[in-house]
1. Let me know the charge dipole size of the chain about its Cα centre in debye, to the nearest 20, where only the beta-carbon of Lys, Arg (+1) and Asp, Glu (-1) is charged.
2. For residue 256, what charge total do you get from the other residues with a beta carbon under 13 Å from its beta carbon, if Lys and Arg give +1 and Asp and Glu give -1?
3. Please report the relative contact order for segment 221-279, taking Cα pairs under 8 Å with a sequence separation of at least 6, and give it as a percent rounded to a whole number.
4. So I have (1) 38, 30, 15; (2) 35, 29, 20; (3) 28, 25, 20, and one of them is semi-axes √(5λ) of the Cα gyration tensor in Å calculated from this model. Which one is it?
5. To the nearest 20 debye, what is the magnitude of the charge dipole of segment 153-236 about its Cα centre, counting +1 on the Cβ of each Lys and Arg and -1 on the Cβ of each Asp and Glu?
6. In terms of the Cα gyration tensor, with a ≥ b ≥ c the square roots of its eigenvalues, is segment 63-133 rounded because a/c is under 1.5, prolate because a/b exceeds b/c, or oblate?
7. For segment 116-268, what is the charge dipole size about the Cα centre, in debye to the nearest 20, if Lys and Arg each add +1 at the Cβ and Asp and Glu each add -1 at the Cβ?
8. Mind scanning 100/166; 68/268; 139/164 and naming the pairs with a C-alpha gap bigger than 30 Å?
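Every number in this text was worked out from the coordinates using simple rules, so none of it is lab data. Nothing here was measured: the structure is a model prediction, and the numbers come from that model. Positions of Cβ are generated from backbone atoms using ideal geometry, with glycine treated the same way; all protein chains shown enter the neighbour counts.
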Amino acid sequence: MLGLAILAKEFIGDPTLQLEEILHNICKCNNFKISDDELRPFGLGLYPTPALINHSCNPNCFALFRGKTVHIRCLEEIKAGEQITISYIELAMTTKKRKKQLKNHFFFDCDCKTCSTAEDASLVSYKCICNGAAQPQEKEKAVCQKCGQVKEIPQEQLRNLRKKQKDLQKKLKEYTSEEEKREASKKLYSIYSSLSEFLHPQNLDLLTTTSLLFRLSVDLQNWPSALCYCKQTIMTYQKVYKPSWPLFGLQWFMLGKLYNLQEDRLEKAHDAFMHAFRILSRSHGEGHPLVIGLLTLIQECQSQQSFKALTF
């Protein structure tokens with residue numbers, strides 16, 4: 001890597017550039033977040049060959065880790081001569097935010113097909129009284145795409161709510177006791193309720209709040225709340241992720257587990273597990289321990305359904 005930095009300095013031809021700065025930027029632009037089976041990051045690593053793969057906001061591959069070894073898994077059929085792509089960033093962002101992050105961190109302007117296509121209006125819209133999506137037209141106004149009503153946007157109030165959420169999100173990492181988490185959950189729910197008055201249910205700002213509430217509900221073993229928030233996140237995931245995206249599959253897997261905790265939801269649990277299997281068997285592979293565990297749960301659901309059919 002040092003040799004590459006030396007070559008880069010010679011190529012650039014700027015004597016004021018320090019090797020440390022060049023090396024830092026090479027590492028910054030080419031590292032991978034090492035993650036576990038459920039795609040939770042726990043470290044960083046440099047992988048020279050995978051680092052050659054270009055970015056797309058609609059990638060046909062993704063990086064899966066088994067320990068410290070990276071596997072580039074295809075998510076769809078790739079034709080001969082077609083470029084292999086991965087995503088360098090989290091995709092659940094507006095086009096504007098994705099492009100800004102790619103520019104700031106990786107120093108390029110993304111012109112992929114997704115960035116060049118108008119995004120789903122609901123992801124950046126406000127809630128109208130007719131339940132339609134009011135799309136922002138000016139700084140303080142939004143127009144409903146369903147009924148045409150003009151809606152005032154309370155920018156100052158929304159900024160304050162977002163700041164409260166951001167501050168609370170930083171503190172969540174420090175909370176370890178059940179009491180602290182319960183108190184955080186109450187505060188976050190208050191923010192969520194206020195945001196829900198203004199934002200469309202699939203607005204990406206609301207997704208952040210819902211995801212935090214979902215994780216807190218799981219930590220507190222509040223399964224009914226976790227089920228509710230899990231379903232809400234999936235509705236928005238359908239807008240931001242491609243059908244084969246692994247995070248989508250993992251959320252279906254979690255939904256199945258939550259349904260499986262309720263005896264009268266066995267059929268829904270099986271359906272959710274099957275959704276998860278169709279995605280994760282491709283993204284992780286049928287021999288992956290996560291997918292093997294998922295198959296076991298599917299078989300258990302099928303056995304219980306057969307037993308119930310025989311007893312009634």
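1. For this selection, approximately 520 debye.
2. Numbers: positive: 231, 257, 265, 268, 278; negative: 267, 271, 300.
After counting each charged neighbour, the total is +2.
3. Numbers: 54 pairs, mean separation 20.7, N = 59.
For segment 221-279, the relative contact order is 35 percent.
4. Computed from these coordinates, semi-axes √(5λ) of the Cα gyration tensor in Å corresponds to label (2).
5. 180 debye
6. Details: a/c = 1.97, a/b = 1.86, b/c = 1.06.
It comes out prolate by the Cα gyration axes.
7. On the way: 24 positive and 18 negative charges, 49 e Å.
Magnitude of the dipole: close to 240 debye.
8. Numbers: 100/166 19 Å; 68/268 36 Å; 139/164 22 Å.
From the list (100/166; 68/268; 139/164), the Cα-Cα distance tops 30 Å for 68/268.
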